[in-house]
1. Please go through (1) surrounded by fewer than 17 Cβ atoms within 10 Å (Cβ to Cβ); (2) under 19 Å from VAL116 (Cα atoms); (3) at pLDDT 95 or above for ARG98 and return the number of the only condition it doesn't satisfy.
2. Residue check: is ALA91 out of contact with any strand residue (DSSP E or B) (no Cβ under 7 Å at 6 or more places or on another chain), of a type in the set (A, V, I, L, M, F, W, C) and modelled with pLDDT of 95 or more?
3. Which members of the range 1-57 meet the condition of being over 20 Å from ILE133 (Cβ atoms), outside any loop (DSSP other than H, G, I, E, B) and small (Gly, Ala, Ser)?
4. Looking only at the range 58-73, count how many residues are outside any strand (DSSP E or B) and modelled with pLDDT of 85 or more.
5. Only one residue in GLY248, GLY221, GLY252 is of a type in the set (Gly, Ala, Ser), in a loop (DSSP other than H, G, I, E, B) and either crowded, with 17+ Cβ neighbours inside 10 Å or not assigned by TED's automatic domain parsing to the domain that holds ASP105 (or both). Which one?
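The values are calculated or read from the model by the stated rules, or taken from the named source; none is laboratory data. Note that this is a predicted model, so its numbers are computed, not measured. Cβ atoms come from the backbone with ideal geometry, glycine included; neighbour counts cover every protein chain shown.
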Amino acid sequence: MMWPAEDLWQAMVGLQPGLTVEVLPEIDSTNTELMRRARAGQTDPVLLVAESQTAGRGRLGRPWHGQTGDALTFSLGLMLRPQDWSGLSLAVGLSLARSLDPNGDLGVRLKWPNDVWVARPGTPTGWGKLAGILIETAVATGSAAATPAQFANHAPQAAARYCVVGVGINIAPPVAPGLSTEPLGLQDLLPGITAAQTLLRVAKPLLATLLAFENPGAQGGFASLQNAFNARDALRDLTVTLSDGRTGVARGVDATGALQVETAQGLEVINSSEVSVRPQ
């Protein structure tokens, strides 16, 4: 497959000086590779793309396998110092949704905290999973690494960290029976689109989103994106089951990116580090 590495580099390096773009035919996981580099002290900005992943993973360690042409798998790594990491995975998801479906006409929606869904009537959940996100960080010294629970712990962090944003997007309609939320491919929505064309759509806006998230003030962090996320929220006003077995109605996210669920006990604020949710 021909990848537009030079075009991407020229488009993105103005936003992030020193950025490199790498395309590998096969790797265990792009996230794992960038975290290995960070632990070794390599914290330069990089967009790492893999044509095939043999040990890709998503949130909670779930496997994500990408074969050549069937999926777009990449990780974007760079140093970040936001005032608050809260809601970063939601900001990433919103960036992807806007890039893939700018006007919302294709029905691309966001499933809190880090999946991109599309409505699919007749399936068990009524949705199909188009993409997933995994975010990890390492301290700048390279000696230790951390995964901040997909950035739902609402504690400001002042120190810069090397942030690795991993993205997996189904391109060809995948065959994966037995999943609670059936996957679908971007080609179901945009026939003929390739992984390389998809990368051109999403990579530069994603970098811009990360840099804007880092900026202090009204435009930084998640608060300025709250309304836009809620407009594409796949769970909003649906009955959801929490991991402790209780049910409630999802009422969007707050300014920190926490999910608000109306339960019998009242309106509760849910962090992804505490529970997972699924629509009934």
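1. Just one mismatch for ARG98, condition (1).
2. Working: out of contact with any strand residue (DSSP E or B) (no Cβ under 7 Å at 6 or more places or on another chain): yes; of a type in the set (A, V, I, L, M, F, W, C): yes; modelled with pLDDT of 95 or more: yes.
For ALA91, the condition - out of contact with any strand residue (DSSP E or B) (no Cβ under 7 Å at 6 or more places or on another chain), of a type in the set (A, V, I, L, M, F, W, C) and modelled with pLDDT of 95 or more - is met.
3. Correct list: ALA5, ALA11.
4. Step one: list which residues in the range 58-73 are outside any strand (DSSP E or B), which gives 58-62, 64-65, 67-70.
Restricting the remaining residues to those that are modelled with pLDDT of 85 or more gives 70.
Residues flagged as outside any strand (DSSP E or B) and modelled with pLDDT of 85 or more within the range 58-73 amount to 1.
5. GLY221
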